[in-house]
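Dropping a structure here in structure tokens format, bear with me for questions.
Derivation of every value follows stated rules applied to the coordinates shown; laboratory data play no part. Everything numeric here is computed off the predicted structure, so don't read it as measured data. With ideal geometry, Cβ positions are generated from the backbone for all residues, glycine too; neighbour counts draw on all protein chains shown.
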């Protein structure tokens with residue numbers, strides 16, 4: 001699927017308002033993702049979380065520490081639509 005993110009801004013504790021290239025908008029709560037350690041754990045600091053930006057080349061959100069999240073995952077979370085999985089191809 002891959003719909004690029006064109007805008008993202010913090011609107012609450014670990015919540016982003018995201019707009020996608022197809023015009024769809026939604027709020028995404030990243031609280032559970034930020035429970036992870038490493039790159040995401042640092043983002044539990046609200047000041048660091050607010051440093052989010054859109055990388056137009058990647059089409060997704062990124063932070064200065066190198067963390068990013070797949071736009072398909074964010075689209076599914078923001079719209080309530082499941083991420084489509086590729087069709088299984090029978091082995092030859």
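Rank the residues 2, 43 as a footprinting-exposure proxy: fewest other Cβ atoms within 10 Å of their Cβ go first.
On the way: 2 10, 43 21.
Listed from fewest to most nearby Cβ atoms, that is 2, 43.
Let me ask something else about it. If r is the Cβ-Cβ distance from residue 21 to residue 51 and R0 is 25 Å, what FRET efficiency results, to the nearest 0.05?
0.65
With r defined as the distance between the Cβ atoms of residue 2 and residue 31 and R0 fixed at 25 Å, what FRET efficiency is calculated, to the nearest 0.05?
0.55
Further question on the same structure: Which values of log₁₀ I(q)/I(0), to two decimal places, follow from the Debye formula for segment 5-79 at q = 0.16, 0.24 Å⁻¹ with a uniform point scatterer at every Cα?
-0.49, -1.15
Moving on. Along the Cα→Cβ direction, 7 angstrom out, place labels at residue 9 and residue 70. What is the inter-label distance in nm?
Distance between the two pseudo-spin positions: 2.9 nm.
Continuing with this model, one more query. When 79, 60 are ordered from fewest to most other Cβ atoms inside 10 Å of their Cβ, what list results?
79, 60
Per DSSP helix of 4 or more residues, -39500 (n - 2.57); summed, then divided by the residues of the chain. What does that give at 222 nm, rounded to the nearest 500?
Calculated mean residue ellipticity at 222 nm is -3500 deg cm²/dmol.
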